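Only one structure is covered here, and it is reproduced in the block below.
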Amino acid sequence: MTPKHVERELALYLEGAGLSLSTTSSPPTLFWGQVPTTTPDLMVAVRDTGGEQSLYLGTRRGLVAADVQVVVRGLSNRVAATRELAVACWSALHLARVQGYVDVRCEGAGPVAQPQDGSGRPRYSFNVAASYVA
């Protein structure tokens with residue numbers, strides 16, 4: 001089985017979802033994997049959680065369900081706007097038809113508020129399971 005780069009592929013899907021997120025803008029507002037120490041206040045990160053399930057299909061192929069977490073951080077004192085962006089990301093990914101994936105499903109009923117970061121910026125997060133045949 002060949003694993004996919006799920007973080008990158010879901011981040012690129014979000015980039016094309018019309019949410020004004022970009023991996024190539026200066027500075028970028030969308031990241032996958034390791035987030036740089038210096039990022040803009042408003043940013044979205046898609047990162048691997050290490051969770052994975054698989055089911056052997058009997059033909060040297062398997063159904064792999066990889067887990068990622070999406071973290072949305074907003075501007076200080078802009079909790080409602082940050083939540084709106086997190087909900088938009090959740091809505092874009094939940095049951096999305098991402099090419100090469102059998103199923104993409106967000107866990108829970110929506111993004112969950114996290115404690116503010118050290119600079120007082122609001123944060124929301126949610127987990128996504130993305131299944132594919134490898």
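Laid out as a table, the results:
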{"quantity": "Loop-located trypsin sites (Lys or Arg not before Pro) in the stretch 38-134 whose Cβ has at most 16 other Cβ within 10 Å (DSSP)", "calculated": "Arg60, Arg61, Arg78, Arg97"}
{"quantity": "The stretch 83-134, Rg to Rh (Cα coordinates; Rh as Kirkwood inverse mean 1/r)", "calculated": "1.09"}
{"quantity": "Semi-axis lengths, Å, the chain, gyration tensor of Cα atoms, sqrt of 5 times eigenvalues", "calculated": "28, 14, 13"}
{"quantity": "Magnitude of the charge dipole, the stretch 6-133, Cβ model with Lys/Arg +1 and Asp/Glu -1, debye to 20", "calculated": "60 debye"}
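Values quoted throughout were computed directly from the atomic coordinates according to the rules given, and no laboratory measurement underlies them. The model shown is predicted, which means the values in this text are computed figures rather than measured ones. Glycine also receives a Cβ, built like all others from the backbone with ideal geometry; neighbour counts cover every protein chain displayed.
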